[in-house]
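Participant: Following this message is one structure expressed as structure tokens.
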Amino acid sequence: MNIQPTASHFIDGQYVEDTTGAPIPVICQMSEEVIATVHAATPAIIEQALASAKRAQTAWAAMSGTERGRVLRRAADIMRARNEELSILETNDTGKPLQETRVADATSGADALEYFGGLAGSLTGEHIQLGDDFVYTRREPLGVCVGIGAWNYPTQIACWKGAPALACGNAMIFKPSETTPLCALKIAEILHEAGAPAGIYNVVQGMGDVGQALITDPRVAKVSLTGSVPTGRKVYAAAAAGMRHVTMELGGKSPLVIFDDADLENAVSGAILGNFYSSGQVCSNGTRVFVQKGIKDAFLARMTERLADVKMGDPLDESVNFGPMVSARQRDIVEGFIAKGIAEGATLITGGKRAGDKGYFLEPTVFADVTDDMTIARDEIFGPVMSVLDFETEAEALTRANATEFGLAAGVFTSDLTRAHRMVAGFEAGTCYINTYNLAPVEAPFGGSKQSGVGRENSKAAIEHYTQLKGVYVAMGDVEAPF
Ligand code: NAD
């Protein structure tokens, strides 16, 4: 299937090409063949994107919120109508099974456009009475915002950043991950078709240097990154030099604590969602699965049984529920962690090997008897590797769950209501789950604490991160001065 986009970039309402930029191949995770090529943005392309976003933003901000919202909601409708086509593109970009992308990617992107489209008309400041005088606040856009994406959810990330930015009256320049450059182009195209003025949502391709060029430009007011912690440090530092606003959605090594009294089937389902969905390439995954000693054997036995239902194969085959890794590089990184797990003495319960003759497939892998100091319990793996750790008491589980530099997500499975709430109150994590795992509806805030990030995406909280308040003091009487 030829999915070569019309051109590499989408700027000022149209596809733009500059083949002098370094070629970036898009490789099919199943056939290992190049299925498309885009070109990294040259300085001239970056300049076009910045200039057009800057030009467009003022008029966009001057429109009423209801008008802006209408554009976003129209874009949501188009996305839903084209869900099949967008899901196939997402599958081609990432290797995730069509079974997943049909329900998780364009649909969640459309949710974000619809939700923030709905909020756009009700963004207000406040009135503060001070005797006869008063202050009012204006909630104003930041200006030109840069979004930089990771490769695991290219459609969703492009929308999670674009929807609140545009709803608040900003323009966005989005740089997708070089590993999955295709989907964001479609979002730009759809927004334009829905009535977004030219320049309001531009997409440029490239590696980290293109990201750096964008975020250090004086015309840029904010950067929102989804990526790893080391990249986050670099992007945050570059933004700080220009005193720019940031949202950092970074990596994790989240704990999932399963108590003896948990519903076993639900706990196993939660651990599957938190370790093997998208072949484990999800930032909020609960990869440190703390299982209380009384339920450990039953948990491992049932997990092994359930994994027999994994069906690997061509991600475009509707019956396949487990796809390849996004790239050979990512497969090799994950294999390295599996080898470390074995070398450091964890018990390999199932998986651990490549699968198939072709394609970047890795079996879903479960390690038991993992201890807190092992590499597989400390580092983010970003692949289908679950580490099961034993524990005895609630206090012990909480202390060990929090003993990490990350703080993206955390979950608990128990039938003890008060214990569940005690645990989430104690978790040092931005996104918590009780008796489920890894759901991220647009209505709920999503984001991390500690090294996992700053700021929140989704929910009304995102509005705070794409606007600034202007306070206006209004005097109703004479001005008193000392002389
Ligand atoms: P990455 O950090 O390698 O790259 C992320 C993006 O940053 C890419 O677009 C890349 O080109 C760009 N980039 C790299 N160096 C840069 C620089 N110096 N300046 C500006 N931009 C730069 O991450 P990845 O491998 O694409 O994605 C996996 C990581 O993303 C994992 O750590 C995962 O946990 C994280 N992630 C987090 C969330 C979240 O919401 N918290 C969601 C998905 C993925």
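The values are calculated or read from the model by the stated rules, or taken from the named source; none is laboratory data. Note that the coordinates shown come from a computational prediction; the quantities given were computed from them, not determined experimentally. Every residue, glycine as well, gets a Cβ built from its backbone with ideal geometry; the counts of neighbours run over all protein chains shown.
Participant: Kindly evaluate Ser254 against the criterion of being among the polar types (S, T, N, Q) and farther than 18 Å from Ala429 by Cβ. Explain how you work it out, then say what you get.
Facilitator: Numbers: among the polar types (S, T, N, Q): yes; farther than 18 Å from Ala429 by Cβ: no.
Spelling it out, it is not the case that Ser254 is among the polar types (S, T, N, Q) and farther than 18 Å from Ala429 by Cβ.
Participant: Give the residue, chosen from Ala444, Ala440, that is part of a loop (DSSP other than H, G, I, E, B) and farther than 19 Å from Thr287 by Cβ.
Facilitator: Working: Ala440 fails: farther than 19 Å from Thr287 by Cβ.
Result: Ala444 is the single residue among Ala444, Ala440 that is part of a loop (DSSP other than H, G, I, E, B) and farther than 19 Å from Thr287 by Cβ.
Participant: Search region 136-155 for residues that are within 12 Å of Thr467 (Cα to Cα) and more than 10 Å from the ligand (Cβ to nearest atom) and pair each with any residue that is at pLDDT below 95 and not aromatic (Phe, Trp, Tyr) when their beta-carbon atoms are under 8 Å apart and the residues are at least 6 apart or on different chains.
Facilitator: The qualifying pairs do not exist here.
Participant: How many residues are in a helix (DSSP H, G or I) and either closer than 17 Å to Pro97 by Cα or modelled with pLDDT under 95 (or both) when one looks only at region 266-321?
Facilitator: The total comes to 7.
Participant: Oh, and also: Which of the residues that make up region 313-360 are farther than 22 Å from Thr179 by Cα and without any contact (Cβ under 8 Å) to a residue 40 or more places away in the chain?
Facilitator: Matches in region 313-360: Ala339, Lys340, Ile342, Ala343, Glu344, Gly345, Thr347, Leu348, Gly352, Lys353, Asp357.
Participant: Further question: I'd like the full set of residues that are free of Cβ contacts under 8 Å to residues at least 24 places away in the same chain and outside any helix (DSSP H, G or I), limited to region 218-265.
Facilitator: Within region 218-265, Met243 is the sole residue that qualifies.
Participant: Of the residues that make up region 34-54, is at least one surrounded by fewer than 24 Cβ atoms within 10 Å (Cβ to Cβ) and on the phi > 0 side of the Ramachandran plot?
Facilitator: no
Participant: For region 447-458, name all the residues that are outside any loop (DSSP other than H, G, I, E, B) and on the phi < 0 side of the Ramachandran plot. Full working, then the answer.
Facilitator: Of all residues in region 447-458, those outside any loop (DSSP other than H, G, I, E, B) come to 450-454, 457.
Correct list: Gln451, Ser452, Val454, Glu457.
Participant: Among the residues of region 4-30, what is the count of those that are modelled with pLDDT under 95 and either acidic (Asp, Glu) or more than 24 Å from the chain's Cα centre (by Cα) (or both)?
Facilitator: Selection size over region 4-30: 2.
Participant: If we scan region 266-282, do we find a residue that is within 10 Å of the ligand (Cβ to nearest atom) and under 15 Å from Lys450 (Cα atoms)?
Facilitator: Taking every residue of region 266-282 in turn, none turns out to be within 10 Å of the ligand (Cβ to nearest atom) and under 15 Å from Lys450 (Cα atoms).
Participant: If I filter region 193-209 down to residues being surrounded by fewer than 24 Cβ atoms within 10 Å (Cβ to Cβ) and under 16 Å from Ile46 (Cβ atoms), which single residue comes out as nearest to the ligand (Cβ to nearest atom)?
Facilitator: Gly208
Participant: Out of all the residues in region 428-455, which are more than 15 Å from Thr404 (Cβ to Cβ), in contact with a Lys or Arg (Cβ under 7 Å, 6 or more places away or on another chain) and away from the ligand (no atom under 11 Å from the Cβ)?
Facilitator: Here is the first cut: in region 428-455, the ones more than 15 Å from Thr404 (Cβ to Cβ) are 433-447, 454-455.
With the extra rule that they be in contact with a Lys or Arg (Cβ under 7 Å, 6 or more places away or on another chain), the set shrinks to 445-447.
Passing the criteria: only Pro445.
Participant: Of all residues in region 322-354, count the ones that are out of contact with any Leu (no Cβ under 8 Å at 6 or more places or on another chain), small (Gly, Ala, Ser) and assigned to a helix (DSSP H, G or I).
Facilitator: Residues flagged as out of contact with any Leu (no Cβ under 8 Å at 6 or more places or on another chain), small (Gly, Ala, Ser) and assigned to a helix (DSSP H, G or I) within region 322-354 amount to 4.
Participant: What number of residues within region 233-252 satisfy the criterion of being surrounded by 15 or more Cβ atoms within 10 Å (Cβ to Cβ), more than 7 Å from the ligand (Cβ to nearest atom) and not β-branched (Val, Ile, Thr)?
Facilitator: Keep residues of region 233-252 that are surrounded by 15 or more Cβ atoms within 10 Å (Cβ to Cβ), which gives 234-236, 238-239, 244-252.
From what's left, more than 7 Å from the ligand (Cβ to nearest atom): 236, 239, 244-248.
Still in the running and not β-branched (Val, Ile, Thr): 236, 239, 244-245, 248.
Of the residues in that region, 5 qualify.
Participant: Quick one: in region 253-265, of everything that is aliphatic (A, V, I, L, M) and surrounded by 24 or more Cβ atoms within 10 Å (Cβ to Cβ), which residue is nearest to the ligand (Cβ to nearest atom)?
Facilitator: My answer is Leu256.
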